[in-house]
Amino acid sequence: VVEKAHALVLESPRRLTKHSFDIPKSSEADAVVKVDACGLCGTDHEQYTGAFPASFAFIPGHETVGTVIDIGPKAKEKWGVKEGDRIALEVFQSCGNCQACLAGNYRNCEKHGVMDMYGYISIDKPPSLWGGYATHQYLSADSIVHQVPADLDPVIATLFNPLGAGFRWAVSVPNLKKDEIVAILGPGIRGLACLIAAKEAGASFVIVTGFGDKDLDRLRTAKNFGADLAIDVSKEDPVKILRNATSGHMADVVVDVTAKAPSALAQAIELAGFGGRVVLAGTKLSSDTPGFWPDAIIYKELTVLGALGVDSPAYAKAIETLSKGRYPFESLSRQVVNLDTAEQLIIQMAGESNAVPPQHGVIVP
Ligand SMILES: [Zn+2]
Ligand SMILES: [Zn+2]
């Protein structure tokens, strides 16, 4: 019997169906992995609902952790991995030779670009297995892979994605230094990742904010992960609290990872101290900015920075932090599903069902 790969194909919005495919063979510089786990994030439900549109059928899943089962000699050399090794796969491909790639800005690779990303490539392009909602995934020669330690649970390892974002958004983009004070707006998985990254970088004090009852558990989790303060802004004024806690210094770095929270911008600016850096990360999905007062940026000589994606050094830091075992990653509210039950979780994570979405959703095919 020839073994087949099984995968979920998004044929059109909200039409996720199971298909089987031939398992490809590696050639010189590519590889095939058995998918151990694939993390889910906001992009997954945007793809599912069609908010992130596609005119073709594809296998979603762009947060893959897998075990190499077949690898070409050149790939082995380039990636430093062999059959049996576990790897984490970055979402973007990089040719390594174009100007963008050489400048480290490989999301804009001239050969691949932002659209040619894993979990978003047509099944008509051989060998079809370009996404993580599958038992097997193909790794092109232009893949960027990171080795994952064998003793790290692959489900936990999928957190390399949000945690990588945390290291880029809270540490490298604002150039966070040791003993600085950090404020993080938004207690979801990305806010939590920013908290961990800030603590790892030596931040002396970190405040995390959330809004209302739906964030209570998340604020509690932030405390468990080392937040010095976790504030529900629907009940308390974080500006006043931070002013008291820091004797008026306020935050050196503010990271706003909220979405659809228009008043967060004004609050982020208010939480920053003189000369502070304010990072706006992810996407805000709103054009309103109630209470935003531009002169505060001028008076406090703030630097406002935008951050969209993640880069290889940040992913590497994330995997290192996950393996150190210094944070209770197992304790996150988590739901693990298989290919047959994945659709329900994707719907739930979009907030479309009554069930409270877990902080960490993972497919183990
Ligand atoms: Zn993602
Ligand atoms: Zn390139």
Find, among the GluC sites (Glu not before Pro) in region 68-172, those assigned to loop by DSSP (not H, G, I, E, B) with at most 15 other beta-carbon atoms within 10 angstrom.
Glu83, Glu110
Quick one: helix 189-200 against the long Cα principal axis of the chain, what's the angle to the nearest 10°, folded into 0 to 90?
70
Assign one of three labels to region 100-167, namely rounded, prolate or oblate, based on the Cα gyration tensor with a ≥ b ≥ c the square roots of its eigenvalues; rounded applies when a/c is under 1.5, prolate when it is not and a/b is larger than b/c, and oblate otherwise.
oblate
Top mean-square fluctuation among Val255, Val32, Val81, Gaussian network model of the chain, C-alpha springs under 10 Å?
Val81
Zero-based 10 Å bins, Cα pair distances in region 10-86, whole percents
17, 37, 30, 16, 0
Spatial extent of region 40-166: Rg and Dmax, with the Cα atoms as the point set, Å
14.4, 40
Would you work out the relative contact order for region 209-365, in percent, from Cα pairs under 8 angstrom that are 6 or more residues apart?
15
How high is the relative contact order of region 1-106? Use alpha-carbon pairs under 8 Å, at least six apart in sequence, and give a whole percent.
25
Rounded to whole Hz and in sequence order, give me ³J(HN,Hα) for region 268-276 from the Karplus expression 6.51 cos²θ - 1.76 cosθ + 1.60, θ = phi - 60°, writing x for Gly and Pro.
4, 5, 5, 6, 7, x, 4, x, x
Apply the a/c threshold of 1.5 to the C-alpha gyration tensor of region 147-209 and tell me whether it is rounded, prolate or oblate.
prolate
Please report the antiparallel percentage of DSSP beta bridges with both residues in the chain, rounded to the nearest 5.
55
Can you give the helix-only mean residue ellipticity at 222 nm for the chain, where every DSSP H stretch with n ≥ 4 adds -39500 (n - 2.57) and the sum goes over all residues, rounded to the nearest 500 deg cm²/dmol?
-7000 deg cm²/dmol
Mind jotting down the three principal axis lengths of the chain based on Cα atoms? Whole angstrom, largest first.
70, 44, 37
Would you mind getting me the FRET efficiency between Trp293 and Ala51? Use the beta-carbon distance for r and R0 = 30 Å, nearest 0.05.
0.40
Say each of Glu236 and Ser20 gets a label point 7 Å from the Cα, pointing the same way as Cα to Cβ; how far apart are those two points in nm?
5.7
Site Ala245, offset 7 angstrom along Cα→Cβ, radius 17 Å on amide nitrogen, limited to region 177-203, gives 179-188, 191-203
Rounded to two decimal places and with Rh computed the Kirkwood way over Cα pairs, what is Rg over Rh for region 230-348?
1.05
When only DSSP loop residues count, what GluC sites (Glu not before Pro) in region 166-253 have their Cβ near at most 14 other Cβ atoms within 10 Å?
Glu236
How high is the relative contact order of the chain, in percent, with contacts defined as C-alpha pairs under 8 Å that are six or more residues apart?
16
Return Thr258, Thr17 ranked ascending by Cβ neighbour count within 10 Å, so the fewest neighbours appear first.
Thr17, Thr258
If the cut-off is 26 Å between C-alpha atoms, which lysines fall inside it for Lys74, apart from same-chain ones fewer than 8 positions away?
Lys4, Lys25, Lys34, Lys82, Lys111, Lys125, Lys317
Note on region 190-243: alpha-carbon gyration tensor, axes a ≥ b ≥ c; rule is a/c under 1.5 for rounded, else prolate if a/b larger than b/c, else oblate; result oblate
At what distance in angstrom do the alpha carbon centres of region 163-193 and region 313-331 lie from each other?
14
Taking the Cβ of each residue in Asp295, Asp228 as the centre, tally the other Cβ atoms inside 10 Å and list the residues starting with the fewest.
Asp295, Asp228
Please give the length that would be gained between Asp124 and Cys98 if that part of the chain were fully extended, namely 0.36 nm times their separation in residues minus their C-alpha to C-alpha distance (nm, one decimal).
6.7 nm
What is the distance in Å between the Cα centres of region 1-68 and region 229-254?
43
I want to check the label-to-label distance for Lys324 and Lys223. Put each point 7 Å from Cα in the C-beta direction and report it in nm to one decimal.
2.4
Given the alpha-carbon gyration tensor of region 167-313, what are the semi-axes of its equivalent ellipsoid in whole angstrom, ordered largest first, with each equal to the square root of 5 times an eigenvalue?
18, 18, 17
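Values in this text are rule-based calculations from the coordinates and carry no lab data. Predicted, not measured: the structure shown is a model, and the values here were computed from it. Neighbour counts are summed over all protein chains in view; Cβ atoms, including those assigned to glycine, are modelled from backbone coordinates with ideal geometry.
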